[in-house]
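Heads up: the structure comes next, in structure tokens.
The values are calculated or read from the model by the stated rules, or taken from the named source; none is laboratory data. What you are looking at is a predicted structure, and each value in this text was computed from that prediction instead of being measured. FYI the Cβ positions are ideal-geometry reconstructions off the backbone, even for glycines, and counts take in every protein chain you see. The accessibility values were calculated without ligands, DNA or RNA, using every heavy atom of the protein model including side chains. Shrake-Rupley method; radii C 1.70, N 1.55, O 1.52, S 1.80 Å.
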Amino acid sequence: MAPRKLAAGNWKMNGTTASLAEVDALTAPEGCGVLICPPATLIAAMAAQVQGGVMVGGQDCHAKASGAHTGDISAAQLKDAGASHVILGHSERRADHGETDAQVAAKAGAAHGMGLTAIICVGETDAQRDAGETLDVIARQLAGSVPEGASAGNTVIAYEPVWAIGSGRTPTAEQIAEVHALMRERLSARFEDGADMTLLYGGSVKASNAREIFAIAHVNGALVGGASLKAADFAPIVAALAAA
Ligand code: PEP
């Protein structure tokens, strides 16, 4: 089995019911997964609206199955609403909510328990890259955030340099290749089917740079923020991935 291609959109805290029309123009090409992760308020409606194999996911879940956790959402609730995936450990959640690697791993375990695919995000800050710590940071986040029980069937890893998210700046192809090679090596050493896990790049991906990024070894797709909000921006990225 080869890693499955995936183009995943992260709408973050953007979108209301009026935005649902954007998914009408999206379909998943043969051999290429297409996923939109809208705000939790839109998951059920979007799941009912998507066609052509497009999937819907959440942007976070709690590690516990239920209980007194006001404002949180469980993996079971995501599943019930029609989600197949959940983004976990996004750098905005690590920064805004102080999420640790251990918490991300626990959330991923909960997602796996409900049959959801966890998209686990890792990435260095500007300061960490400048200090030459990038590979150490990625290795540490991978070791701590990916739980036992992860497999190519239930886990996707997204390398998202914090400084590249929403900034219009992207790493060089060499920088992306170096991190993806490290991730592939570490995942293959730890998991039986680590060689088959889907590895995404995320951070200012757009139609104009997608082809170059998808040509990099071990890049099996993208996690896309801003350019996933409009089908007109996202569809060309999907097409570039399908052609890669
Ligand atoms: C993201 O938030 O996951 C992301 C990659 O954002 P953007 O594409 O806007 O940089």
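Remarks
- Taken together, the residues in the range 60-94 that are open to solvent by 50 Å² or more (accessible area, probe 1.4 Å) and not β-branched (Val, Ile, Thr) amount to 13.
- Yes/no for residue 184 being buried (at least 16 other Cβ atoms within 10 Å of the Cβ), of a type in the set (Lys, Arg), farther than 30 Å from residue 19 by Cβ and without any contact (Cβ under 8 Å) to a residue 40 or more places away in the chain: yes
- Within the set 199, 241, 223, the sole residue that is touching a His at 6+ places or on another chain (Cβ under 6 Å) and among the hydrophobic types (A, V, I, L, M, F, W, C) turns out to be 199.
- Candidates are the residues of the range 105-139 that are open to solvent by 20 Å² or more (accessible area, probe 1.4 Å) and of a type in the set (Asp, Glu); the one that is farthest from residue 77 (Cα to Cα) is 130.
- Flag for residue 179 being within 15 Å of the ligand (Cβ to nearest atom) and in a helix (DSSP H, G or I): yes
- Residues in the range 131-161 that are of a type in the set (Asp, Glu) and more than 18 Å from residue 91 (Cα to Cα): 148 alone.
- When restricted to residues that are over 19 Å from residue 160 (Cα atoms) and touching a strand residue (DSSP E or B) at 6+ places or on another chain (Cβ under 8 Å), the range 192-244 contains 2.
Yes or no, residue by residue, for (1) free of Cβ contacts under 8 Å to residues at least 12 places away in the same chain; (2) within 19 Å of residue 234 (Cβ to Cβ):
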position: 19; (1), (2): no, yes
position: 24; (1), (2): no, yes
position: 36; (1), (2): no, yes
position: 49; (1), (2): no, yes
position: 62; (1), (2): no, no
position: 68; (1), (2): yes, no
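- Residue in the range 221-233 that is surrounded by fewer than 17 Cβ atoms within 10 Å (Cβ to Cβ), over 13 Å from the mean Cα position of the chain (by Cα) and not charged (D, E, K, R) present: yes
- Just one of the numbered conditions (1) touching a Pro at 6+ places or on another chain (Cβ under 8 Å); (2) assigned to a helix (DSSP H, G or I) is not true of residue 163: (1).
- Of residues in the range 7-39 being outside any strand (DSSP E or B) and within 15 Å of the ligand (Cβ to nearest atom), the one farthest from the chain's Cα centre (by Cα): 15
- Taking the numbered list (1) within 16 Å of the ligand (Cβ to nearest atom); (2) in a loop (DSSP other than H, G, I, E, B) in turn, residue 70 passes all entries but (1).
- Within the range 191-213, if we keep just the residues that are open to solvent by less than 50 Å² (accessible area, probe 1.4 Å) and part of a loop (DSSP other than H, G, I, E, B), the residue that is nearest to residue 156 (Cα to Cα) turns out to be 197.
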